[in-house]
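I have placed the structure first, in the form of structure tokens, so that the comments after it can refer back to it.
The values are calculated or read from the model by the stated rules, or taken from the named source; none is laboratory data. The structure presented is a predicted model; accordingly, all values stated were derived computationally and were not measured. All Cβ positions, even for glycine, are placed from backbone atoms using ideal geometry, and neighbour counts span all protein chains on display. What goes into the accessible areas is simple: the full protein's heavy atoms, side chains included, and nothing from ligands, DNA or RNA. Shrake-Rupley method; radii C 1.70, N 1.55, O 1.52, S 1.80 Å.
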Amino acid sequence: MVNAGDMNGSGNLMDFLDEPFPDVGTYEDFHTIDWLREKSRDTDRHRKITSKSKESIWEFIKSLLDAWSGWVVMLLIGLLAGTLAGVIDLAVDWMTDLKEGVCLSAFWYSHEQCCWTSNETTFDDRDKCPQWQKWSELLVSQSEGASAYILNYFLYIMWALCFAFLAVSLVRVFAPYACGSGIPEIKTILSGFIIRGYLGKWTLLIKTVTLVLVVSSGLSLGKEGPLVHVACCCGNFFSSLFSKYSKNEGKRREVLSAAAAAGVSVAFGAPIGGVLFSLEEVSYYFPLKTLWRSFFAALVAAFTLRSINPFGNSRLVLFYVEYHTPWYMAELFPFILLGVFGGLWGTLFIRCNIAWCRRRKTTRLGKYPVLEVILITAITAIIAYPNPYTRRSTSELISELFNDCGALESSQLCDYINDPNMTRPVDDIPDRPAGPGVYSAMWQLALALVFKIVITIFTFGMKIPSGLFIPSMAVGAMAGRMVGIGVEQLAYHHHDWIIFRNWCRPGADCVTPGLYAMVGAAACLGGVTRMTVSLVVIMFELTGGLEYIVPLMAAAVTSKWVADAFGKEGIYEAHIHLNGYPFLDVKDEFTHRTLATDVMRPRRGEAPLSVLTQDSMTVEDVETLIKETDYNGFPVVVSKDSERLIGFAQRRELILAIKNARQRQDGVVSNSIVYFTEDPPELPPNSPHPLKLRRILNLSPFTVTDHTPMETVVDIFRKLGLRQCLVTRSGRLLGIITKKDVLRHMAQMANQDPESIMFN
């Protein structure tokens, strides 16, 4: 017997794996990362840089550059996300108006920009100017009458269909991942799941272009959710430029958390709300360092968007408003009622939308995504055009519903009967009786509300970019404005009632209907997404009114309570479960009294666990085991008899290591012994070179005993981001529990289908 290390002087060859080789440490598509391992690798990298920085000035400069690379990435993300959001806003504004007419002086101007530049615009007819012509005026020189209306109606539908068809075709051909909101997948990716290409360059380009097209087509969707996806694509692109992030999936996810904050910052003009949204809604791992960087990225993004000034009003959003009237305690009752409505609408929407999406996945309907988009667009355009509140873009509708009725407003919603003797400052107009315009607007709003509620259920989830924030806010704003007008008229006609007597005297400006619209919007958005803190902050950043935090909080909390009474899942969690992603939600509670031994594999009657031994298997044995199984990794034991645990080896790294050894090391053949120990085993003379794979062995895999309660195991998986843990008894290996096993067990305990968890 001879020591293999002495054979032919080849000891140095057997340690070739002490140097890293390509692709080691990476993960396969649709697999979960190992957070502990990524954290450990980053700590090693940081320790190495720190020790090297003392050797020379150049190494010290490199360590400084490494420390600053995080802030540089945040700066770049903020600049690109802000620029893209500004370009999207400008393009949407122009293309939405293109459905109704064109500017003769400069075709790239929107309706508003066209009439800004005109010297012939009057205050009463501020939306009319000779430079802006509707299609009927341009084509048949008629602006009024049945034929002009029919022509405008027809061209409105044609433009909408054209935009929608172009969008769905681009998504289908170039970037299938550019469809949907993106937030469910971003949440899953941030929890440690790999979806290659989801944050790629093609996805970024196609999502940006198609987002403009679908919002301009008039479909009941928003651009806010997809902007989070766009910002995360920017984050992924810039993190790939720095090895600190490109080679470490855990560090990359810190960048993506900050990018999500920048996305919400530019979507709503709410930098602080964006940071809180990332913390509350999408992030899985959010250390304090990421909080600061998210804040910086959100700040840069908001500053960039403000510099572009897409709405021409020096604001970051289209629906910025200011109210001048305080709210009163008695109004909390209608605010809470709006919260109840928001919770009920959220529950209804989630159940109906998930049922429709499940039907789409399981029937022939899912095979015709282009036809579905065309059909929904045609129905939307045909029903939307006759009603002025559904014809305009949803952002403009929300803006009008939020607005307070000042002396300069020309909206139908502000058609009140004025007192000719009134002499008051412009900002403090007293409550007045509603005129015919208000009553007709109420009817139109009621019809628009029913239409929006129904059509949004079918629109969200189609194979096009589709956000849910704006349609949800529109539903709530319409309901809120109608309630607000009702309360205002009640207070005007019955100011002697006990509830109005103390705070609403005749001739006073008591009730602000726009505030009710804002509270309703917050309630409905909260009911659908189950956000609370970030939602309230986003809403008050939108309006600039700190005074209205209490009404917003009351509505948000009520809507969450009501919606949670029917089911704990928000729309994003529901879509994650529908798609079968392995997402272990921190909010889910596990209260069942099962043990690790009930969940681990192999179970009774199943084949024994596939394991590797530390020094008695050949390369051929390992390759056969890999071919015959589809496990992500294998426990390594001393021998099959003792089953004492040594460590854990990942499948992908075994494949890469053997492939590299065959290419780079002479003498490695199929019957070479594979060993995971520090010293090679003693082999007979003339044996082929053994292959040392100790470098790829995880010597400290996470283990639990077979009597560990599953409640503790679930908590460990959540808090440490584990991929798998091994089950032992007195050091002997019994089985393995993967993240997929945990999720399937939780689904089973909740009387759901455990087979719905599809990925590893």
*Any chance LEU733 is touching a Pro at 6+ places or on another chain (Cβ under 8 Å) and either part of a loop (DSSP other than H, G, I, E, B) or open to solvent by less than 60 Å² (accessible area, probe 1.4 Å) (or both)*: yes
*Enumerate the pairs (first residue in the range 75-92 and under 30 Å from CYS114 (Cβ atoms); second residue anywhere and hydroxyl-bearing (Ser, Thr, Tyr) and outside any helix (DSSP H, G or I)) with beta-carbon separation below 9 Å, excluding pairs fewer than 6 apart on the same chain, so at least 6 apart or on different chains.*
LEU90/SER110; VAL92/SER393
*Among the residues of the range 478-510, how many are modelled with pLDDT of 90 or more and either of a type in the set (A, V, I, L, M) or surrounded by fewer than 21 Cβ atoms within 10 Å (Cβ to Cβ) (or both)?*
6
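Return the residue satisfying two criteria in turn: it lies in the range 110-125 and is open to solvent by 70 Å² or more (accessible area, probe 1.4 Å) and not hydrophobic (A, V, I, L, M, F, W, C), and of such residues it is modelled with the highest pLDDT. Walk me through how you get there before you give the answer.
If we filter the range 110-125 for residues that are open to solvent by 70 Å² or more (accessible area, probe 1.4 Å), which is where we start, we get 112, 116-117, 119-120, 122-125.
Then keep just the ones that are not hydrophobic (A, V, I, L, M, F, W, C); that gives 112, 117, 119-120, 122, 124-125.
Numbers: GLU112: 81, THR117: 68, ASN119: 68, GLU120: 65, THR122: 55, ASP124: 53, ASP125: 58.
Going through the qualifying residues, I end up with GLU112.
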_Number of positions in the range 134-155 that are in contact with an Asp or Glu (Cβ under 9 Å, 6 or more places away or on another chain) and open to solvent by 40 Å² or more (accessible area, probe 1.4 Å)_ = 2
*Does the range 318-328 include one or more residues that are open to solvent by 80 Å² or more (accessible area, probe 1.4 Å) and assigned to a helix (DSSP H, G or I)?*
no
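Which of the following residues is under 18 Å from ASN698 (Cα atoms) and either under 35 Å from the mean Cα position of the chain (by Cα) or modelled with pLDDT under 90 (or both): LEU656, LEU645? Before you say what the answer is, go through the steps one by one.
Numbers: LEU645 fails: either under 35 Å from the mean Cα position of the chain (by Cα) or modelled with pLDDT under 90 (or both).
Selected residue: LEU656, the only one of LEU656, LEU645 that is under 18 Å from ASN698 (Cα atoms) and either under 35 Å from the mean Cα position of the chain (by Cα) or modelled with pLDDT under 90 (or both).
Every residue in the range 184-202 that is β-branched (Val, Ile, Thr) and not in a helix (DSSP H, G or I), please.
Answer for the range 184-202, where residues must be β-branched (Val, Ile, Thr) and not in a helix (DSSP H, G or I): ILE194, ILE195.
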*Within the range 608-635, restricting attention to residues that are under 37 Å from the mean Cα position of the chain (by Cα), touching a residue at least 24 places away in the same chain (Cβ under 8 Å) and within 17 Å of LEU734 (Cα to Cα), which residue is surrounded by the most Cβ atoms within 10 Å (Cβ to Cβ)?*
PRO635
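For the range 156-183, what are the residues that are in a helix (DSSP H, G or I) and either surrounded by 23 or more Cβ atoms within 10 Å (Cβ to Cβ) or touching a Lys or Arg at 6+ places or on another chain (Cβ under 7 Å) (or both)? Break it down into steps so the answer makes sense when it comes.
Taking the range 156-183 first, the residues in a helix (DSSP H, G or I) are 156-174, 176-178, 183.
Listed by number, the residues that qualify are TYR156, TRP159, ALA160, PHE163, ALA164, ALA167, VAL168, VAL171, ARG172, ALA178, ILE183.
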_Candidate set: the range 592-607, residues that are touching a helix residue (DSSP H, G or I) at 6+ places or on another chain (Cβ under 7 Å) and over 15 Å from THR738 (Cβ atoms); chosen: the one least open to solvent (accessible area, probe 1.4 Å)_ = THR594
_Quick check on the range 190-205: of everything there that is β-branched (Val, Ile, Thr) and open to solvent by less than 10 Å² (accessible area, probe 1.4 Å), which residue is farthest from TRP35 (Cα to Cα)?_
THR203
*Residues of the range 575-607 satisfying the condition of being assigned to a helix (DSSP H, G or I) and either within 19 Å of SER283 (Cβ to Cβ) or not aliphatic (A, V, I, L, M) (or both)*: HIS575, ILE576, HIS577, ASN579, THR597, ASP598
*Would you pick out the residues in the range 361-390 that are closer than 26 Å to LEU449 by Cα and either buried (at least 18 other Cβ atoms within 10 Å of the Cβ) or acidic (Asp, Glu) (or both)?*
GLU372, VAL373, ILE376, THR377, THR380, ALA381, ALA384, TYR385, TYR389, THR390
*If the Cβ limit is 7 Å and pairs must be 6+ apart or interchain, which residue in the range 531-558 that is assigned to a helix (DSSP H, G or I) pairs with which residue that is open to solvent by 10 Å² or more (accessible area, probe 1.4 Å) and of a type in the set (S, T, N, Q)?*
ALA556/THR532; VAL557/THR532
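Just one of GLY86, GLY101 is surrounded by fewer than 20 Cβ atoms within 10 Å (Cβ to Cβ), under 35 Å from the mean Cα position of the chain (by Cα) and farther than 30 Å from ARG723 by Cβ; which is it? Before you say what the answer is, go through the steps one by one.
Details: GLY86 fails: surrounded by fewer than 20 Cβ atoms within 10 Å (Cβ to Cβ).
Criteria check complete, one pass: GLY101.
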*List the number of the failed condition for ALA750; all other conditions in (1) open to solvent by less than 40 Å² (accessible area, probe 1.4 Å); (2) within 30 Å of GLY580 (Cα to Cα) hold.*
(1)
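Considering ALA178, ALA164, which residue is among the small types (Gly, Ala, Ser), in contact with a Pro (Cβ under 7 Å, 6 or more places away or on another chain), at pLDDT 90 or above and under 24 Å from THR380 (Cβ atoms)? Can you show your working first?
Values: ALA164 fails: in contact with a Pro (Cβ under 7 Å, 6 or more places away or on another chain).
Answer to the selection: ALA178.
If you check VAL475 against the conditions, is it touching a residue at least 12 places away in the same chain (Cβ under 8 Å), open to solvent by 40 Å² or more (accessible area, probe 1.4 Å), within 17 Å of ALA448 (Cβ to Cβ) and in the same structural domain as ILE350 (by the TED database)?
It is false that VAL475 is touching a residue at least 12 places away in the same chain (Cβ under 8 Å), open to solvent by 40 Å² or more (accessible area, probe 1.4 Å), within 17 Å of ALA448 (Cβ to Cβ) and in the same structural domain as ILE350 (by the TED database).
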*Whichever residue in the range 674-722 is out of contact with any strand residue (DSSP E or B) (no Cβ under 9 Å at 6 or more places or on another chain) and over 27 Å from MET617 (Cβ atoms) and, among such residues, is least open to solvent (accessible area, probe 1.4 Å)*: VAL714
*For the range 158-204, enumerate the residues that are hydroxyl-bearing (Ser, Thr, Tyr) and in contact with a Cys (Cβ under 7 Å, 6 or more places away or on another chain).*
THR203
*Failed item, numbered, when SER411 is tested on (1) closer than 26 Å to ALA160 by Cα; (2) modelled with pLDDT of 80 or more*: (2)
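Consider ASP630 carefully, then state whether it is under 30 Å from GLU573 (Cα atoms) and not assigned by the TED database to the domain that holds ARG530.
yes
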